[in-house]
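*Asks:* Take a look at this one; I'll ask things after.
Read-outs throughout are calculated quantities, based only on the coordinates presented, and are distinct from any laboratory measurement. Since this is a predicted model, take the numbers as computed values, not measurements. Methodologically, a virtual Cβ is constructed for each residue, glycine included, from the backbone with ideal geometry; neighbour enumeration extends over all protein chains shown.
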Amino acid sequence: MNKQLIKTAVVILNWNGEKFLKQFLPALIKYTKSPENEIIIADNGSNDNSVKFLKDNYPEIRLILFEKNYGFTGGYNKALRQINAEYFVLLNSDVEITENWIEPIISLMDEDDSIAVAMPKIKSFEKQSCFEYAGASGGYIDKFGYPFCRGRIIGTLEEDSDQYNSITDIFWASGAAMFIRADLYKKAGGLDNDFFAHMEEIDLCWRLKNMGYRIVINPKSIVYHVGGGTLPNNSPRKIYFNYRNNLFLLLKNLPANKIIPIIFSRLILDGFSCIIYLATFKFGFFFAVIKAHFSFCFNIKKTLKKRNKKIVRNRKHKEIFNKSIVIIYFLKKIKTFNKLNFKLEK
């Protein structure tokens, strides 16, 4: 274990990501390397050439090696236990960072102890004028737990014309580029291993908000994300994790008086999704949702034990949109964040 305290540990969890390491490591090293920052790569049991590539070309980078794939959650939990730092940065291997990407966020967090987590603005690597799906300019959820972003609602990605350039409170920060205080990561219990992948960052952020801390976006820092680098977008496996884990996070974090009405509503809404998948012959997606619901039901008792007993019954988070984003998007045809009448800037 590295006993020397690092100011900022930038940790990439790699799984068969040799292509992205070759593509994005040079810029990461160029714009990150300093006496206060360290880049660490945890390999999640890759069976490609990732580890050999790193040892041959970047022997100065610290490697943490696992014998198998522990998923996003398990991999990061195991890796971060071995790192002594003030701040962790969870960074996907398929992210291209830009100059001065660390300083604006760390300075903001240094100035305000109430901020537990912060994120940069995330734009699309493929179409760099647009926001990227997994985070955009800050994440939120609606009353039923559906996530959306400043700059991305459902499947609509907005062009970035600096319309969301304010530093503001958000509900969740993307796991693609998440800055978090190391002590609070540990205090909150880290990522939930049972999630494996997807929604785990929302769960962690919600737990921290229930503990009284803030989650913030600082768009002065910008990164570009490929997306779908490990698990392809719209695969049945991804659908399964999204539906199951979304129910997990609701059961874990909602005030007790809201659990039954919200989760019951969600199961009905998910049922409508199943009907649509059947009608459009997406049988893999249909069975993924059914499987997700069964897994959720079988794990209710286990999930209830994870609830933080300090959740306040009437705690209200202003970053939860008190309407259905699905109804607004599909029926009211509102597809951009700035038309939601959901103003959060301080």
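*Asks:* Over all directions, what mean area does the Cα convex hull of the chain project, stated in square nanometres?
*Replies:* Working: hull surface 68.1 nm².
Mean projected area for the chain: 17.0 nm², to one decimal.
*Asks:* Which order results if HIS317, HIS293 are arranged by neighbouring Cβ count within 10 Å, fewest first?
*Replies:* Placing the least packed residue first, the sequence is HIS317, HIS293.
*Asks:* Return, for the Cα atoms of the range 263-325, the radius of gyration and Dmax in Å, separated by a comma.
*Replies:* 15.5, 45
*Asks:* Starting from the exponent 0.38 and prefactor 2.2 Å, build the expected Rg for the range 207-331 from its residue count and divide its actual Cα Rg by it.
*Replies:* Against the compact-globule rule of thumb, the ratio is 1.21.
*Asks:* Something else: Can you give the three extents of the C-alpha atoms in the range 105-195 along their principal axes, from longest to shortest, in whole Å?
*Replies:* The Cα atoms of the range 105-195 stretch 37, 33, 26 Å along their principal axes.
*Asks:* Please go through the residue pairs LYS19/LYS121; LYS68/LYS301; LYS22/LYS55; LYS187/LYS309; LYS22/LYS78 and name each one whose alpha carbons sit more than 20 Å apart in this structure.
*Replies:* Values: LYS19/LYS121 24 Å; LYS68/LYS301 28 Å; LYS22/LYS55 13 Å; LYS187/LYS309 14 Å; LYS22/LYS78 24 Å.
Over 20 Å Cα-Cα: LYS19/LYS121; LYS68/LYS301; LYS22/LYS78.
*Asks:* Now for a separate question. Step through the residues of the range 188-195 one at a time and calculate ³J(HN,Hα) from phi using the Karplus curve (6.51 cos²θ - 1.76 cosθ + 1.60, θ = phi - 60°), rounding each to whole Hz and writing x for Gly and Pro.
*Replies:* So the Karplus estimates, Gly and Pro as x, are 7, x, x, 6, 7, 4, 5, 6 Hz.
*Asks:* Tell me the GluC sites (Glu not before Pro) within the range 109-156 that lie in a loop according to DSSP and have at most 16 other beta-carbon atoms within 10 Å.
*Replies:* Sparse-neighbourhood loop GluC sites (Glu not before Pro): GLU126.
*Asks:* Restricting to DSSP H runs of at least four residues, report the calculated mean residue ellipticity at 222 nm for the chain, -39500 (n - 2.57) per run over all residues, nearest 500 deg cm²/dmol.
*Replies:* Taken over the chain, the calculation gives -11500 deg cm²/dmol.
*Asks:* What residues qualify as long-range amide H neighbours of PHE125, i.e. H under 5 Å apart, gap of 5 or more or another chain, H built at 1.01 Å from N?
*Replies:* Those qualifying (amide H under 5 Å, at least 5 residues apart or on another chain) are HIS225, VAL226.
*Asks:* Most exposed first by the Cβ proxy, i.e. fewest other Cβ within 10 Å, how do CYS205, CYS130, CYS149 rank?
*Replies:* If I rank by nearby Cβ atoms, fewest first, I get CYS130, CYS149, CYS205.
*Asks:* Along the range 241-254, what does the Karplus equation 6.51 cos²θ - 1.76 cosθ + 1.60 (θ = phi - 60°) give for ³J(HN,Hα), rounded to whole Hz, x for Gly and Pro?
*Replies:* Whole-Hz 3J(HN,Hα) from phi for the range 241-254: 4, 4, 5, 5, 5, 5, 5, 4, 5, 5, 5, 6, 10, 5.
*Asks:* Another one. Under 16 Å Cα-Cα from LYS258, which aspartates and glutamates qualify once same-chain neighbours fewer than 8 residues away are excluded?
*Replies:* Straight-line reach from LYS258, under 16 Å: ASP142.
*Asks:* Amide H neighbours of MET199 under 5 Å, at least 5 residues apart or on other chains, H built in the peptide plane: list them.
*Replies:* Those lying under 5 Å, H to H, from MET199: there are none.
*Asks:* List every residue whose amide H lies under 5 Å from the amide H of ASP48, counting only residues 5 or more places away in sequence or on a different chain, with H placed 1.01 Å from N in the peptide plane.
*Replies:* Distant-sequence amide H within range of ASP48: ASN16.
*Asks:* Can you list the aspartates and glutamates whose alpha carbon sits under 20 Å from that of LYS306, skipping same-chain ones fewer than 8 residues off?
*Replies:* ASP183, ASP192, ASP194, GLU200, GLU201, ASP203
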